[in-house]
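Reviewing the structure listed below.
The values are calculated or read from the model by the stated rules, or taken from the named source; none is laboratory data. As the structure is a prediction and not an experimental result, all values here were calculated from the model. Heads up, the Cβs are rebuilt from the backbone with ideal geometry, glycines too, and the neighbour counts pull from every protein chain shown.
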Amino acid sequence: MGLSRRDLLWLSLGAAGGLTGARVWAGLRGRRPRPSLAADSPRLLESAEYGAMAGPPPDLGPQALDDLTLLPPAAAGPRHYRLEVEELNVAVSQDQVLPAWTFNGRIPGPLLRANAGETVNIEFRNGGARPHNLHFHGAHEVAVDGWEPLPPGGTRRVQFRAAPAGLHPYHCDMTPAPEHISRGLYGLLVVDPPGGRPPAKELALVLGGFDTDGDGRSDLFGWNGVPGFQMKYPLRVRVGELVRVYLLNMVADEPVISFHLHAQVFDVYPSGTGRTPAARTDVVTLAPTERAILEFRLPESGRYMFHPHQARLAERGAMGWFTAL
């Protein structure tokens, strides 16, 4: 039996109210009993069929996206990174494979971090079959803007000063840019302000779209490269701790996306460049390559759903959970 988005939303409410797995499924079959038992059954979501939702490849375990979700330490030191374009087939869901163009074989590319003012050194190599380039957002010398094509087999060294503090996407900017981005050539650089940010549970969420049928429009969507992953494996946080989400929209073929958190509100720092929040809300809207830092606390144990409020994106993979323990 497949689940509709309405059923999934009802399931989230059931989880918050404390339904057992048996009563959840009874409800989805037309008999919706009143909630009765504790909420955090570990099988509540894992036993669910996704229906219209895309699920992750079956060989991916709960730690498979840790290097793309959990930020590296905010420590001082030399910043040397190697980014290599690799063109290969990537399983993006339980039944879909994308002919991908990647940085270092992953979608998105590596999660990078630096302190404001530090020198970032990038060794960029094009191991693909066509020209690519490497463009970083942010403030840097125009000579290293990265628009110049790099031919197959070529190598280029890029050096720039990390500025300003905030979130800066990097991506291939070759034309047609939406294709190069939708095939996977993008990532995130986090630049910390002097003195750093207050301690928090730090999580990166980069939304991407995947054109698996070759019609020029994304048909699957996923956070950190895998549709449905955070539905199967919720992001775990502690009750009451400060959560900081580094949010980036890299869906190149949709005019806007949004991020909605259920049952709580968050402070929004657009682009992560300011120290004072611009808003406190439960929905933030981002155009392609726009980003924001979100900060919030989850005051009680349970599962808090998040998703875009564009139903097509949510129902095709871009839904997930925070589990507060």
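Can you find a residue in the range 93-113 that is outside any strand (DSSP E or B), buried (at least 17 other Cβ atoms within 10 Å of the Cβ) and hydroxyl-bearing (Ser, Thr, Tyr)?
Scanning the range 93-113 turns up at least one residue that is outside any strand (DSSP E or B), buried (at least 17 other Cβ atoms within 10 Å of the Cβ) and hydroxyl-bearing (Ser, Thr, Tyr).
From the list 287, 252, 292, which residue is within 17 Å of the chain's Cα centre (by Cα), at pLDDT below 95 and under 28 Å from residue 165 (Cβ atoms)?
252
List pairs: first in the range 52-78 and more than 13 Å from residue 317 (Cβ to Cβ), second in a loop (DSSP other than H, G, I, E, B) and among the hydroxyl-bearing types (Ser, Thr, Tyr), Cβ under 9 Å, 6+ apart or cross-chain?
60/233; 61/233; 62/233; 63/233; 64/233; 65/233
Does at least one position in the range 159-166 carry a residue that is in contact with a helix residue (DSSP H, G or I) (Cβ under 8 Å, 6 or more places away or on another chain) and surrounded by fewer than 17 Cβ atoms within 10 Å (Cβ to Cβ)?
Yes, because at least one residue in the range 159-166 is in contact with a helix residue (DSSP H, G or I) (Cβ under 8 Å, 6 or more places away or on another chain) and surrounded by fewer than 17 Cβ atoms within 10 Å (Cβ to Cβ).
If we only count strands (runs of 3 or more DSSP E) wholly inside the range 193-249, which ones have 2 or more residues that are touching a Phe, Trp or Tyr at 6+ places or on another chain (Cβ under 9 Å) and surrounded by fewer than 22 Cβ atoms within 10 Å (Cβ to Cβ)?
Per the criteria, 201-210, 235-237.
Could you give every pair whose Cβ atoms fall below 8 Å, whose first residue belongs to the range 102-131 and is without any contact (Cβ under 8 Å) to a residue 60 or more places away in the chain and of a type in the set (D, E, K, R), and whose second residue is exposed (fewer than 15 other Cβ atoms within 10 Å of the Cβ) and part of a strand (DSSP E or B), counting only separations of at least 6 or pairs across chains?
Close Cβ pairs satisfying both conditions: 123/80; 123/82; 123/155; 123/157; 125/82; 125/155.
Do the conditions hold for residue 269, that is, is it surrounded by 14 or more Cβ atoms within 10 Å (Cβ to Cβ), of a type in the set (Ser, Thr, Tyr), part of a strand (DSSP E or B) and more than 15 Å from the chain's Cα centre (by Cα)?
yes
Identify, by number, the condition in (1) in a strand (DSSP E or B); (2) closer than 27 Å to residue 192 by Cβ that residue 276 doesn't meet.
Status for residue 276: all satisfied but (1).
Among the residues of the range 176-192, write down those that are under 18 Å from the mean Cα position of the chain (by Cα) and either outside any helix (DSSP H, G or I) or modelled with pLDDT of 95 or more (or both).
183, 184, 185, 186, 187, 188, 189, 190, 191
Taking the options 39, 74, 54, 15, name whichever one is in contact with a helix residue (DSSP H, G or I) (Cβ under 6 Å, 6 or more places away or on another chain) and either modelled with pLDDT of 95 or more or part of a loop (DSSP other than H, G, I, E, B) (or both).
The conditions single out 39.
Any residue at all in the range 306-317 that is over 16 Å from the mean Cα position of the chain (by Cα), under 17 Å from residue 69 (Cβ atoms) and not basic (Lys, Arg)?
No: zero hits.
For the range 192-230, which residues satisfy the criterion of being of a type in the set (Gly, Ala, Ser) and free of Cβ contacts under 8 Å to residues at least 24 places away in the same chain?
If the condition is that a residue be of a type in the set (Gly, Ala, Ser) and free of Cβ contacts under 8 Å to residues at least 24 places away in the same chain, then 195, 214 are the ones that fit.
Against the definition (at pLDDT 95 or above, over 18 Å from the mean Cα position of the chain (by Cα) and not β-branched (Val, Ile, Thr)), how does residue 173 come out, yes or no?
No; evaluated as a whole, the condition is false for this residue.
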